[in-house]
Amino acid sequence: MAKDPTLKKKRKSEAMLEPAAPEEGSTSAQAVVAEVDSEHAEKKAKKDKKEKKDKKKKDTDGDVTMATEAGDVTADGDKKEKKEKKEKSAVRAKLMAYAYITSQPAHEVPADAITPIASPMASAKLQKKLLKTVKKSSRARQLKRGVKEVIKALRKGEQGLLVLAGNITPMDVISHLPLLAEEAKGVEYVWVTSKEELGAASGTKRATSTVLICSTPRRRPQPKDGAQAKPAPTAEEMAEWQKPLEECIKEVKELVSFILLSSYEEALLTSYYSSARSSQEAPKY
């Protein structure tokens with residue numbers, strides 16, 4: 001029988017050190033089996049314990065995740081509610097401020113503070129319309145404010161509507177402006193009571209004595225450095241201030257004609273009564 005070349009002979013020392021296998025059914029064999037069983041049981045118990053621990057950890061992580069998501073949803077809901085409350089309070093504050101402003105009376109000017117040359121004086125309704133038109137013209141940059149700018153514009157031939165404040169002191173500051181407006185072509189003038197309201201409408205914090213609403217569109221200056229010029233205003237933008245300006249000029253002309261007619265009728269009546277009185281008082285021969 002041929003020997004397997006892979007097998008090596010054991011040394012005598014290895015053969016002496018290798019323990020002998022216990023016989024089956026002996027006490028030592030039973031102890032070995034019990035020890036192996038106990039090891040298997042211990043490993044199984046450790047494995048079961050680890051599985052329970054992992055399962056418990058997963059459940060805890062899931063609960064934490066769900067709680068976190070719920071907390072996030074709650075936090076998002078709280079933020080949304082706070083934002084809505086804040087917006088509502090802001091809107092309420094604006095409405096209250098608007099109601100307070102509209103309930104307050106307009107700037108009242110005493111009758112003795114109005115200059116005696118303030119004619120034609122616009123009515124309360126026309127004054128509101130004039131101030132709105134001044135505000136729109138200021139946004140469109142069609143407004144000349146102040147005595148110097150107004151005189152310069154009138155001398156250059158600007159046309160439009162001249163608005164003067166009646167409570168300016170001394171009146172010599174603006175007393176020459178109506179004469180310039182009458183001499184200029186295409187310029188009407190009208191008086192309002194308050195310089196403070198006129199200044200606020202023209203976009204300044206200070207009181208303004210006079211403004212000129214220019215009826216011709218302003219020319220846009222060409223940039224010197226070669227940059228692109230600003231686009232020309234559209235028809236809608238021009239109509240936003242031109243239409244109310246035309247309405248104001250029309251009403252001012254009607255007011256002037258009414259004042260002239262009234263003064264003419266008053267002069268006729270005065271002359272009639274004076275002549276009648278003189279005829280009655282004249283001696284009869």
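Values quoted throughout were computed directly from the atomic coordinates according to the rules given, and no laboratory measurement underlies them. In this text, all values refer to a predicted model and were calculated from it rather than measured experimentally. Quick reminder, even Gly has a Cβ in these numbers, built from the backbone with ideal geometry, and neighbours come from all protein chains shown.
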Set the bar at 18 Å for Cα to Cα. Now go through LYS132/LYS156; LYS185/LYS243; LYS152/LYS185; LYS136/LYS185; LYS129/LYS195; LYS125/LYS185 and name every pair that lies beyond it.
LYS132/LYS156; LYS185/LYS243; LYS136/LYS185; LYS125/LYS185
When ranked by the protection proxy of mean other Cβ atoms within 10 Å per residue, highest first, what sequence do the peptides 145-157, 79-91 form?
145-157, 79-91
Under Stokes-Einstein, the range 153-193 at 4 °C and 1.567 mPa s, with its Kirkwood radius over C-alpha pairs, diffuses with a coefficient in µm²/s of 122
Point-charge dipole on Cβ atoms (K/R +1, D/E -1) for the range 126-175, about Cα centre, debye to 20:
400
